[in-house]
Amino acid sequence: MNRLLIVLGLTIFAALTARADDGSDLWLPPDRARAGMETLDIARAEVEGIGDVEFHVSADVLPGVTGPDGYTITRQNGKTVISAVSPVGVLYGAYHLQRLVRTGGVPPESVIRESPRYDLRLLNHWDNLDGTVERGYAGHSLWQWDELPGTLSPRYRQYARANASVGINGTVLNNVNATPLILRTDYLHKVKALADVFRPYGIKVYLSVNFSSPVLLGGLDTSDPLDAGVAAWWAEKADEIYGLIPDFGGFLVKANSEGQPGPQDYGRTHSDGANMLARALAPHGGIVMWRAFVYDPDSDDRARQAYDEFIGLDGRFDGNVILQVKNGPIDFQPREPFNPLFGAMERTRLMVEFQITQEYLGHSVQLAYLAPLYKECLDADTYAHGRGSTVAAVTDGTMSGYRPSAIAGVANIGLDANWTGHHFAQANWYCFGRLAWDHTLSSGQIAEEWLRMTFTGDDGFVEPVKRMMLASREAVVDYMMPLGLHHIFAEGHHYGPEPWYKQAVRPDWSSVYYHRADSTGIGFDRTSAGSNSTGQYFPPLREIFDDPSLCPDNLLLWFHRLPWDYRMANGDTLWDNLCLRYQAGVDAAREFQKIWDSIEGKIDRERFLHVQSRLRRQASDAVWWRDACLLYFQTHSGMPFPPGMERPVHDLDELKQIRLDLKHHN
Ligand code: BDP
């Protein structure tokens, strides 16, 4: 009888907790705050039900805490006390307390001191004013430009809340391929409406600007940065913006890159362009984030380009300019070495740009948890000032002393109910914020927090699923482009494989440019005997990367061109290793399906089925990748598949006919 009651009780409990869930709540508990609340009232609402919590805001710097965003959490006389120098610091403390309670930690007995590692923790939206999102896989843009400023979607505040909960404190609203329209007065009023919603959550608004705006919007006959009229136009524009949005963050600029206009159109340099904009913003405290993502179709190695173009400008940028540098030297590939600009430009502020949206890691179809990718870059040692000069240390201000320090991630958010398309893509938004706050957190720790808050605290769920998350990025690398291969994607959409692709408008947009496979071997010779991109790294890295026997396997074909029968450290040929890595990727994707099936019943059915169907597609597309790449490479290597590899199930000629319907992924 008793047992029956317990079973009945447990069943009802399970049914209640396993309610249908569309993922719209993200990792957060129900929102008790309301529109129009001030920061401290929001903080109060966030800790409601967590016992006796007191807030202290005091202008005095707290011991062990730096910057306006830091906080302490202490226990005093049975109360939990959150102290900070600013209300937003208290809000961050409130979210931390909420996180501790919801991940199973009890309100702390000891003192917690938290200060963010980076001052500016930004999302970059590649959202267009027509509602589309460049490289967005989660539906249309969140920003309802037609309705703004009159109508405010409730999602704006939810967005701000989610960001604040992980410490993100800035957002660039529009695409780096920017239309000048964003600076038109009516749009600035729309931007102001968003800034007003975000402000209580500590989030500043920034805009991507088109360098030709003076001509295209202002009707001037030039956008030359050294022209006095142009500088005056920007200064006036800045005054107008700050008149509406006094805490406006600044501009993000993609100039002379992939066809965008820039100072070089007028024979000027990147620093001429950046400084002119910076001087327009400086009186108001704004910054310019100038992107270093440039490459020239005539160069013999795209990986060298940003370094070659910017290194000579070191020390020439104004104090409120930050160079925004992608994590790797090419373009957000599944794996790249870190960008050699990190550590190399000692007299220039540099920030890291990551991609959260999975343009090159399976869109929102595939599960790829990106904390390991971000950490691989941040933890990489540049050796700029000897051992320990990690990318994090040379960008977060600890080594350079430069403030503000900054970090950005290209957002993966859209209007989909679950915000990010794939439920697990939420974890990439989450982990970007957490690492921007504290890059010393481990990928596992962050995954665990996210899983417990988003799904359930049941260890039988958390442990296996965490394992799956931690293995997922490497699995994608393995079945797409192992051993340092890169950019062998199909034209345009960057989802599927097209290693045979060579008819691109520019050579550096084709796949063959990057893998260079022929009967003599495969890989890009970037050694001192080749393009010498290894020479852009500090010793001892340049020697390590230069020597195939020292170069890490996972970057081998990035830096080296080697014969198919090259013997790798494990004694097997390069060809066999390549085949077995592709196979390992496929095996991992299949294992993810089994892991996921093993947790059935532990979470709501809606999200279970959604993820299950995507994992099926991922496993099938992993096989597609393996077959397409290996069958194609085999036409060059002429070597047989090793015994440990499953035989292809596709036919190369058929695979070459596949033309993906992109709408599938949007
Ligand atoms: C590339 C994307 C392109 C972006 C570009 C950029 O394919 O859509 O505009 O990066 O970062 O990876 O500017």
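For this structure, a couple of remarks:
- Taken as Cα centroids, region 493-542 and region 45-99 sit 50 Å apart, rounded to the nearest whole angstrom.
- By average C-beta atoms within 10 angstrom, highest first, the peptides 475-485, 24-34: 475-485, 24-34
- If the segment from SER153 to LEU181 were pulled out straight at 0.36 nm per residue, it would be longer than the present Cα-Cα gap by 7.9 nm.
- Contour excess over end-to-end distance, with Cα ends at ASP553 and ASN570 and 0.36 nm allotted per residue: 5.1 nm
- Whole-number D in µm²/s for region 451-570 (Stokes-Einstein; Kirkwood sum over Cα pairs; 10 °C, 1.306 mPa s): 96
- Net dipole in debye of region 430-508 [+1 Lys, Arg Cβ; -1 Asp, Glu Cβ; about Cα centre; nearest 20]: 200
- Enclosed volume per residue, in Å³, of the convex hull spanned by Cα atoms of region 355-502: 145
- Over the chain, DSSP H runs of length four or greater, each weighted -39,500 (n - 2.57), average out per residue to a 222 nm ellipticity of -11500 deg cm²/dmol.
- Label-point separation, GLN593 to GLN264 (7 Å along Cα→Cβ), nm: 4.7
- Contact order normalised by residue count of region 299-438, Cα under 8 Å, 6+ apart, percent: 23
- The residues PHE338, PHE251, when put in order of fewest to most other Cβ atoms within 10 Å, stand as PHE338, PHE251.
- Dipole axis of region 438-488 (+1 Lys, Arg; -1 Asp, Glu on Cβ), positive-most option in GLY444, GLY460, GLY484: GLY484
- For SER613 and ASP438, a Förster radius of 35 Å and the Cβ-Cβ distance give a FRET efficiency of 0.50, rounded to the nearest 0.05.
- Diffusion coefficient, µm² s⁻¹, Stokes-Einstein with Kirkwood Rh over alpha-carbon pairs of region 447-502 at 25 °C and 0.890 mPa s: 182
- Signed unit charges on C-beta, dipole axis of region 58-172, positive-most listed residue LEU62, THR80, GLY136: THR80
- Placing a pseudo-label 7 Å from each Cα along the Cα-to-Cβ vector at ARG113 and SER299 gives an inter-label distance of 4.3 nm.
- Ranked by the mean number of other Cβ atoms within 10 Å per residue, highest first, peptides 73-82, 54-63 order as 73-82, 54-63.
- Viscosity 1.567 mPa s, 4 °C: Kirkwood-radius Stokes-Einstein D of region 120-182 over Cα pairs, µm²/s: 103
- Taking the number of Cβ atoms within 10 Å of each Cβ as an exposure proxy, the fewest-first ranking of PHE608, PHE317, PHE538 is PHE538, PHE608, PHE317.
- One compactness figure for region 560-653 is 1.35, namely its Cα radius of gyration divided by 2.2 N^0.38 Å.
- Relative contact order computed over region 444-516 (Cα-Cα under 8 Å; 6+ residues apart), in percent: 19
- Averaging Cα coordinates gives a centre for region 332-382 and one for region 199-226; these two points are 27 Å apart.
- Electrostatic dipole magnitude of the chain [Cβ: Lys, Arg +1; Asp, Glu -1; Cα centre; debye, to 20]: 1200
- Within the chain, DSSP assigns beta bridges of which about 30% are antiparallel (rounded to the nearest 5).
- The ASP458 and ARG75 beta-carbon pair, evaluated with R₀ = 25 Å, returns a calculated FRET efficiency of approximately 0.30.
- Normalised by 2.2 N^0.38 Å, where N counts its residues, the alpha-carbon radius of gyration of region 360-416 equals 1.46.
- The convex hull built on the alpha-carbon positions of region 199-352 has an orientation-averaged projected area of 10.2 nm².
- For region 34-109, the fraction of alpha-carbon pairs in successive 5 Å shells from zero, as %: 3, 18, 28, 26, 17, 7, 1
- Length-normalised contact order for the chain - Cα pairs under 8 Å, 6+ apart - percent: 13
- When only alpha carbons of region 262-301 are considered, Rg and Dmax amount to 12.9, 42 Å.
- At the listed q of 0.19, 0.28 Å⁻¹, the Debye profile of region 346-391, built from one uniform point per Cα, gives log10 I(q)/I(0) equal to -0.71, -1.05.
- Taken over the Cα atoms of the chain, the convex hull encloses 170 Å³ per residue.
- Karplus (6.51, -1.76, 1.60) ³J(HN,Hα), θ = phi - 60°, over region 85-101, in Hz, Gly and Pro reported as x: 7, 9, x, 5, x, 5, 4, 4, x, 5, 5, 5, 4, 4, 5, 4, 5
- The count of lysine pairs in the chain with alpha-carbon distances below 15 Å, taking only pairs 8 or more places apart or on different chains, stands at 9.
- Span per principal axis, largest first, for the Cα atoms of region 294-383 (Å): 43, 30, 25
- Placing pseudo-labels 7 Å out from each Cα toward the beta carbon at SER519 and HIS189 gives an inter-label distance of 7.0 nm.
- Per-peptide average of other Cβ atoms within 10 Å, ordering 560-571, 85-96, 641-652 highest first: 85-96, 560-571, 641-652
- Extension gain (nm, one decimal) between GLU236 and ALA59, 0.36 nm per residue minus Cα-Cα: 60.3 nm
- DSSP bridge pairs, region 31-112: antiparallel proportion in percent, nearest 5: 60
Computed from the coordinates by the stated procedures, all read-outs in this text should not be read as laboratory data. Owing to the predicted nature of the structure, the values given are computational and were not obtained by experimental measurement. Counting neighbours? That spans all protein chains shown, and the Cβs are built from the backbone with ideal geometry, glycine included.
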